[in-house]
Amino acid sequence: MSTTLELISHSPEETQSIGRLLGAKAQPGDVFLLVGPLGAGKTCLTQGIAWGLGVKEHARSPTFVLVTRYKGRLTIHHVDLFRIEDAAEAVDLGLDEYLNGDGVCVVEWAEKASEVFSNQCLWIEMEYGDEEPVRRLKLHTEGYRYDPLIKALAAQEGIEKCC
Ligand SMILES: Nc1ncnc2c1ncn2[C@@H]1O[C@H](COP(=O)(O)OP(=O)(O)OP(=O)(O)O)[C@@H](O)[C@H]1O
Ligand SMILES: [Mg+2]
């Protein structure tokens, strides 16, 4: 079974709120795969996820290192694959360890290593809306693992759902 939910964010703060809910509901081993062009809001969403997990710091894009780790209710591994050449490079850098641990893994530019990920992941595609500062977030997953989380987002007042 596959599930898709499309959300509209009207501001960075709304994107962070969506992230907070994801972080608040996240389970050990959850993997959030973020896809979208430069400036789409992947790091902004990750900040919310980290805060939802109880992290006090402000998550920043780890573009010059592969991964930044934050401690919250669960450990969050914030990975950015922007600079890798191919999936093998991600594997060499130890991505498997973060994916199979009991923390939460958030991966920016996940499409650069899509073959590395199992179907036990939640894909979140972010794109620019018709005008600033709108962003569209398309959540997609196989199976049932993320059902509670997707249901919570769908039921959350104040978050616009799309068609
Ligand atoms: N609705 C929105 N959601 C998220 N960010 C928004 C939104 N509207 C405007 N912005 C702005 O867009 C930028 C998003 O930056 P962010 O670093 O999160 O993007 P990114 O997808 O991580 O980019 P990169 O690929 O460079 O890592 C920020 O400057 C933010 O203020
Ligand atoms: Mg980023």
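What ³J(HN,Hα) values, in whole Hz, does the Karplus curve 6.51 cos²θ - 1.76 cosθ + 1.60 give for segment 19-33 when θ = phi - 60°, with x put for Gly and Pro?
x, 4, 5, 4, x, 5, 9, 5, 10, x, x, 5, 10, 9, 9
What is the magnitude of the charge dipole of the chain about its Cα centre, with +1 placed on the Cβ of each Lys and Arg, -1 on the Cβ of each Asp and Glu, and no other charges, expressed in debye to the nearest 20?
660 debye
What net charge is computed for the residues neighbouring LYS138, neighbours being all others with C-beta under 10 Å from the C-beta of LYS138, Lys and Arg scored +1, Asp and Glu -1?
-2
Label 7 Å along Cα→Cβ of SER11; segment 130-163 residues with amide nitrogen under 19 Å?
Within reach of a label on SER11: 130-137, 156-161.
Count of lysine pairs in segment 2-161 with Cα atoms under 22 Å apart, counting only pairs 8 or more residues apart in sequence or on different chains?
17
Report for segment 2-161 the percent antiparallel among DSSP-assigned beta bridges with both residues inside it, nearest 5.
The antiparallel proportion sits near 60 percent.
Could I have the simple spin-label model distance between GLU160 and ARG69, label points 7 Å from Cα toward Cβ, reported in nm to one decimal?
For GLU160 paired with ARG69, the spin-label model returns 4.0 nm.
Distance between the C-alpha centers of segment 1-45 and segment 59-132? Whole Å please.
So the separation of the two Cα centres works out to 13 Å.
Give the longest segment of the chain that steers clear of chymotrypsin sites (Phe, Trp or Tyr not before Pro) in DSSP loops with at most 15 neighbouring Cβ atoms within 10 Å, not counting the sites themselves.
Longest stretch, sites excluded: 1-63.
Tally Lys and Arg at +1 and Asp and Glu at -1 over the other residues with C-beta under 12 Å from the C-beta of LEU66: what net charge comes out?
In short, -2.
With a point put 7 Å past each Cα toward its Cβ, work out how far GLU142 is from GLU127 in nm, to one decimal.
Label-label distance for GLU142 and GLU127, simple model: 2.2 nm.
Run lengths n ≥ 4 of DSSP H only: what is the helix-derived mean residue ellipticity at 222 nm for the chain, with -39500 (n - 2.57) per run over all residues, to the nearest 500?
Rounded to the nearest 500, it is -8000 deg cm²/dmol.
Roughly what would the spin-label model give for ARG83 and ASN119, points 7 Å off Cα along C-beta, in nm?
It works out to 3.5 nm between the two label points.
Given Cβ point charges of +1 (Lys, Arg) and -1 (Asp, Glu) and nothing else, what value in debye, to the nearest 20, does the dipole of segment 2-69 about its Cα centre take?
220 debye
Using the Karplus curve 6.51 cos²θ - 1.76 cosθ + 1.60 with θ = phi - 60°, work out ³J(HN,Hα) for each residue of segment 80-87 in order, rounded to whole Hz, and write x for Gly and Pro.
10, 9, 3, 8, 7, 8, 8, 4
Quick one: compute the contact order of segment 42-163, relative version, from alpha carbon pairs under 8 angstrom and 6+ residues apart, as a percent.
16 percent
Among rounded, prolate and oblate, which fits segment 4-162 when a ≥ b ≥ c are the square roots of the eigenvalues of its C-alpha gyration tensor, a/c under 1.5 means rounded, and a/b larger than b/c means prolate?
rounded
Each value in this text was obtained by applying a stated rule to the coordinates, not by laboratory testing. Source: prediction; values computed, not measured. Counting neighbours? That spans all protein chains shown, and the Cβs are built from the backbone with ideal geometry, glycine included.
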